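Some notes on the structure that comes next.
What follows draws every value from the coordinates through simple rules; no lab data is involved. In this text, all values refer to a predicted model and were calculated from it rather than measured experimentally.
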């Protein structure tokens, strides 16, 4: 998912940076059951993108059978940095 963020053009122009965290709940097939923004970048345009990344992705790889769980919660950082 980290490969999918789109840096908002207005944020690029303003040199805005930050890390937002998204919490996902996945089923064993990798389907996203729910998601929410947990930590803000304190930049409204940047905060919209992590949720949009999840909506665009909408699936992760299935869990390996040895995990033995039907659902899992993940906390993922979405990093916006200018290099």
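Computed quantities for the displayed model
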item: Answer label for Rg/Rh (Cα atoms, Kirkwood Rh) (calculated), chosen among (1) 1.04; (2) 1.08; (3) 1.17; result: (1)
item: Relative contact order for the chain, counting Cα pairs under 8 Å that sit 6 or more residues apart, in percent; result: 44 percent
item: Rounded tilt (10° steps) of 44-57 against the dominant C-alpha axis of the chain; result: 30 degrees
item: Potential lengthening between residue 10 and residue 34 on full extension [0.36 nm per residue; Cα-Cα distance subtracted]; result: 5.8 nm
